[in-house]
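Peer 1: Can you read through this structure? Questions will come right after.
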Amino acid sequence: MPLMPENQPLHQPRSKTDLFVSFTILALQGFGGVLAVVQRELVEKKRWMTREQFVEDWAVAQIMPGPNVINLALMIGGRYFGMAGALAGIAGMLAAPMVVVLLLAVAFGGVSDAAWAQGALRGMGAVSAGLIAAVGLKLISALRNNPMGMPMCIGLASASFSGVGLLRWPLVYVLLGTGLVACSWAYWQLAKQAALPGGRA
Amino acid sequence: MNPVLQLTPADWLDLFKHFASLSLLAVGGAITAAPEMHRYLVDETAWLSEAQFTSSIALAQAAPGPNILFVALMGFNVGMNAGAGLGGGWVSVGLASLGVVISMVGIMLPSSILTYTATRWAHQHRDKLGIRAFKSGMAPIVIALLLSTSWLLTLSHNQPASDWPLYVLTALTTLVVWRTQVHMLWLIGLGALLGALGWV
């Protein structure tokens with residue numbers, strides 16, 4: 001597997017079964033959140049989408065209500081196979097993991113207080129925090145072609161990080177604040193591009 | 001054995017309505033609605049014990065798959081309480097399954113319908129300036145949110161004197177996943193092992 005498969009052609013899911021099985025396998029690998037696995041599998045291994053497309057879809061999946069990885073599965077499934085594809089995506093994400101978690105609940109309901117189990121959760125939590133950060137860092141390269149330009153992107157990202165991560169303001173206010181600035185700026189830039197001779201209509 | 005919970009069909013409907021009403025509010029993940037679920041399921045109705053509530057969240061986070069499955073576990077436990085726990089045999093299994101279905105359909109259906117409809121519409125109009133501006137504009141912000149999530153998860157362990165090995169583990173994981181193709185399950189397993197041994 002080459003490290004930078006950016007320039008290889010994109011693939012797409014072959015069938016609804018392919019969607020279901022792919023998302024099942026993804027979900028079963030996702031300890032402490034599925035996002036990191038989704039990014040690696042869909043963008044780097046399966047090549048169903050580019051990093052840019054992933055960031056765009058992820059933005060929508062995160063802003064819509066509902067669990068974000070399931071929103072993503074629903075959107076991808078829906079894009080290729082309509083409503084049936086969306087259902088296949090959701091079912092893939094949920095069915096097998098649900099069986100696993102219920103079996104765990106029946107089998108180990110009482111173990112969660114043990115010191116080693118608490119410790120294992122601590123350790124896994126620290127790793128999954130690292131997985132999420134790594135996805136964030138990888139996706140920065142997707143901003144290269146952003147119409148707002150890299151300096152503006154970095155500025156907006158820093159402002160959002162400061163608001164949510166450092167100052168711990170409620171997410172809604174930060175999204176409304178930086179989001180509004182970002183979308184207006186992007187709109188203006190895209191409109192300027194479109195107005196240039198030979199620009200995108 | 002706990003006293004068996006008596007749930008009428010109206011109660012099951014209330015359970016459904018509770019999760020369905022939270023579905024559209026839970027922007028940023030259903031976990032943001034956990035305090036409201038606690039108020040209703042533990043404080044108000046006492047359908048779940050404190051321990052069942054907490055372990056539902058912890059177990060779903062430890063298990064593979066989307067964290068939303070903590071809602072399935074809550075429904076499972078409500079059903080188990082309405083039966084006679086694991087000793088209740090098939091009645092308990094049936095009620096627990098009912099609990100899982102009712103809570104998961106409740107939390108998933110409204111948001112999924114909205115997301116499906118909205119994203120279909122957006123995809124059909126993907127060349128419109130407004131849609132392109134939204135996607136481009138939100139991209140850096142979404143990346144910042146990922147980094148913030150990781151940051152806040154790390155700092156939820158706020159005793160640097162004893163928690164610093166966790167910070168190191170998070171930083172090393174970030175570096176390894178960012179720069180190499182090492183399979184993530186190895187890292188998760190390593191984290192679990194180090195934690196179980198009490199080293200982090």
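Peer 1: Would you mind checking the tilt of helix A:68-108 against the longest principal axis of the Cα atoms of chain A, expressed as 0 to 90 degrees and rounded to 10?
Peer 2: It works out to around 30 degrees.
Peer 1: To the nearest 0.05, what FRET efficiency results for A:Ala84 and B:Leu155 with a Förster distance of 41 Å applied to their C-beta separation?
Peer 2: For A:Ala84 and B:Leu155, the calculated efficiency is 0.45.
Peer 1: I've got another one for you. Consider a paramagnetic label point 7 Å from the Cα of A:Ser158 along Cα→Cβ; state which residues of segment B:144-175 have an amide N under 17 Å from it.
Peer 2: Inside the label zone: B:144-145, B:147-148.
Peer 1: Hey, can you grab everything whose amide H is under 5 Å from the amide H of B:Ala84? Only 5+ residues off in sequence or another chain; H modelled, so Pro and N-termini drop out.
Peer 2: Close amide H contacts, sequence-distant or interchain: B:Ser92.
Peer 1: For B:Trp90 and A:Leu167, FRET efficiency with R0 = 41 Å and r from the beta-carbon atoms, rounded to 0.05?
Peer 2: Given R0 = 41 Å and the Cβ-Cβ separation, E is 0.20.
Peer 1: If you don't mind, another one. About the Cα centre of segment B:9-119, how large is the charge dipole given +1 on each Lys and Arg Cβ and -1 on each Asp and Glu Cβ? Please answer in debye to the nearest 20.
Peer 2: The dipole magnitude comes to about 240 debye.
Peer 1: Right, another one. Need one word for segment B:9-119: rounded, prolate or oblate. Basis is the Cα gyration tensor (sqrt eigenvalues a ≥ b ≥ c); a/c below 1.5 gives rounded, then a/b vs b/c decides.
Peer 2: Since a/c reaches 1.5 and a/b is larger than b/c, the shape of segment B:9-119 is classed as prolate.
Peer 1: Find how much the distance from B:Ser97 to B:Leu197 grows on full extension, using 0.36 nm per residue of separation minus their present alpha carbon separation; answer in nm with one decimal.
Peer 2: Contour length minus the Cα-Cα distance gives 32.4 nm.
Peer 1: Between 0 and 90 degrees, rounded to the nearest ten: what's the tilt of helix A:171-195 against the longest Cα principal axis of chain A?
Peer 2: The two axes meet at around 40 degrees.
Peer 1: While we're here: Just name one of B:Ala34, B:Ser49, B:Val93: the one whose Cα is farthest towards the positive end of the charge dipole of the protein assembly as shown (beta-carbon charges, Lys/Arg +1, Asp/Glu -1).
Peer 2: Highest projection toward the positive end goes to B:Ala34.
Peer 1: Next up: Give me the dipole magnitude in Debye, nearest 20, for the protein assembly as shown about the Cα centre, with unit charges on the beta carbon: positive for Lys and Arg, negative for Asp and Glu.
Peer 2: Its charge dipole is roughly 1420 debye.
Peer 1: What are the ³J(HN,Hα) couplings of segment A:17-27, residue after residue, when phi is run through the Karplus curve with 6.51, -1.76, 1.60 and θ = phi - 60°? Round to Hz, x for glycine and proline.
Peer 2: With coefficients 6.51, -1.76 and 1.60, one gets 5, 4, 4, 4, 5, 4, 5, 4, 5, 4, 5 Hz.
Peer 1: Trypsin sites (Lys or Arg not before Pro), restricted to segment B:39-144: which are DSSP loop and have at most 13 other Cβ atoms within 10 Å?
Peer 2: Within segment B:39-144, the qualifying trypsin sites (Lys or Arg not before Pro) (loop, at most 13 other Cβ atoms within 10 Å) are B:Arg126, B:Lys128.
Peer 1: Continuing with this model, one more query. Given H placed 1.01 Å from N in the peptide plane, which residues other than close sequence neighbours of A:Phe31 have an amide H under 5 Å from its amide H?
Peer 2: B:Gly65
Peer 1: Here is a follow-up. Positive end of the dipole of segment B:58-200, charges at C-beta (+1 Lys, Arg; -1 Asp, Glu), about the Cα centre: which of B:His123, B:Leu59, B:Ala192 has its Cα farthest in that direction?
Peer 2: B:His123
Peer 1: Looking at chain B, do any whole DSSP H helices span at least 15 angstrom along their long axis by alpha carbon and average 1.6 or above on Kyte-Doolittle, and which?
Peer 2: Helices passing the filter in chain B: B:184-196.
Peer 1: Let me spell out the model: positive unit charges on the Cβ of Lys and Arg, negative unit charges on the Cβ of Asp and Glu, origin at the Cα centre of segment B:56-200. What dipole size does that give, in debye rounded to 20?
Peer 2: Computed charge dipole of segment B:56-200: roughly 580 debye.
Peer 1: Given the options A:Ile154, A:Gly82, A:Leu176, identify the residue whose Cα lies farthest towards the positive end of the charge dipole of chain A (+1 on Cβ of Lys, Arg; -1 on Cβ of Asp, Glu).
Peer 2: The residue sitting farthest along the positive end of the dipole is A:Ile154.
Throughout, read-outs are computed from the coordinates displayed, never taken from laboratory work. All values derive from a computational prediction rather than experimental measurement. When we count neighbours, we look across all protein chains shown, and the Cβ atoms used for this are built from the backbone with ideal geometry, even at glycine.
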